[in-house]
Amino acid sequence: MKAYGFLLSVAIGAAVLVPGVQAGDWVDFNGNRMAQKYATESQITPQNVKDLSVAWSLNTGDIYRGPDGRPSDSPFKVPGRGAVAGRTSWQSTPLFANNTVYVSTPFYRIFAVEPDTGKVKWIYDAFPKHPSKFHGKNRGMSYWAAANPAPGQPCQKMVYIGTVDGLLHGVDADTGKRCEGFGDHGILNINQWNTINPKFPFELNQSVAVYKDTLIAGWAGVDWTWENSPPGSVFGIDARTGARKWDFQIIPETMRNRRARARHENGRGAVEAPGGGSCGLYARRLHLQGT
């Protein structure tokens, strides 16, 4: 059996009325900023869906294959990346913004693709510097655009992708180059803020939420390992520079966060960040006036 990592182009869209985003864009893992996972486009209907055909396909090649018949969890040397082990799992949703389809892969690469032809515009590689941390999962990207873009300046539109080693990469959505003014030459080490019970490093497999000019990163790490785990910090980050604006300990000391994906309520200045722990699931709202 052959294994392929590919994308079939049929239709992508959602109505999102925020600065720098057009109606019909799909700018978030969950579609729009309110996580509605709903597309308002009307061209595809229950009556004509049977007539759809594949317009193009994209094979990223980013899928783990156990070489020479060895088990899929055996070490495998990825060209240019070193030896890795483990299975890949496709858990990302492509974005559609800036008249481009952005696809992230289990190897932490971003493919920018022309939506009508499937032609690859550029590829950005965010693979971890330490391949031993690789575990073959990426759960999406985020897109941000300046409300008042500076003419002729780079990084007025950005795509963000996180990695298992706690790094958030800020990439120019037009060129695929790192945004030098974001973090350390385009890479922000969020794990540097993991200072409360830091028994294991911050992981950033999920996409960050975007609210105006603020990125909101929920905590993630090894599940169900230590009784005194990190507290599930939520960080507010400047979308342009990567500077930390604020942080919030969403889960009380008696409960510990395992993974959080956030969404914000459009027009209400609030972000809802779910958390999971041994006492069950719940959510708290962070009010973001002035953020």
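Values in this text are rule-based calculations from the coordinates and carry no lab data. Everything quoted here is computed from the prediction, not taken from an experiment. Every residue, glycine as well, gets a Cβ built from its backbone with ideal geometry; the counts of neighbours run over all protein chains shown.
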With r as the distance between the Cβ atoms of residue 120 and residue 50 and R0 = 41 Å, compute the FRET efficiency 1/(1 + (r/R0)^6) and round to 0.05. 0.85
Quote to one decimal, in nm, the extra length available between residue 22 and residue 175 on full extension: 0.36 nm per residue of separation minus the C-alpha distance between them. 53.1 nm
For the range 115-217 the translational diffusion coefficient, Stokes-Einstein from a Kirkwood Rh over Cα pairs at 4 °C and viscosity 1.567 mPa s, in µm²/s, is roughly 88
Using the structure shown, select from 157/245; 50/157; 177/199; 50/212; 50/121; 157/199 the pairs with a Cα to Cα distance greater than 28 angstrom. 50/157; 177/199; 50/212; 50/121; 157/199
Taking alpha-carbon centroids only, the range 168-203 lies from the range 21-66 a number of Å equal to 27
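Show me the ranking of peptides 45-55, 147-157, 208-218 by mean Cβ neighbours inside 10 Å, starting with the highest.
Highest-to-lowest ranking by the protection proxy: 208-218, 147-157, 45-55.
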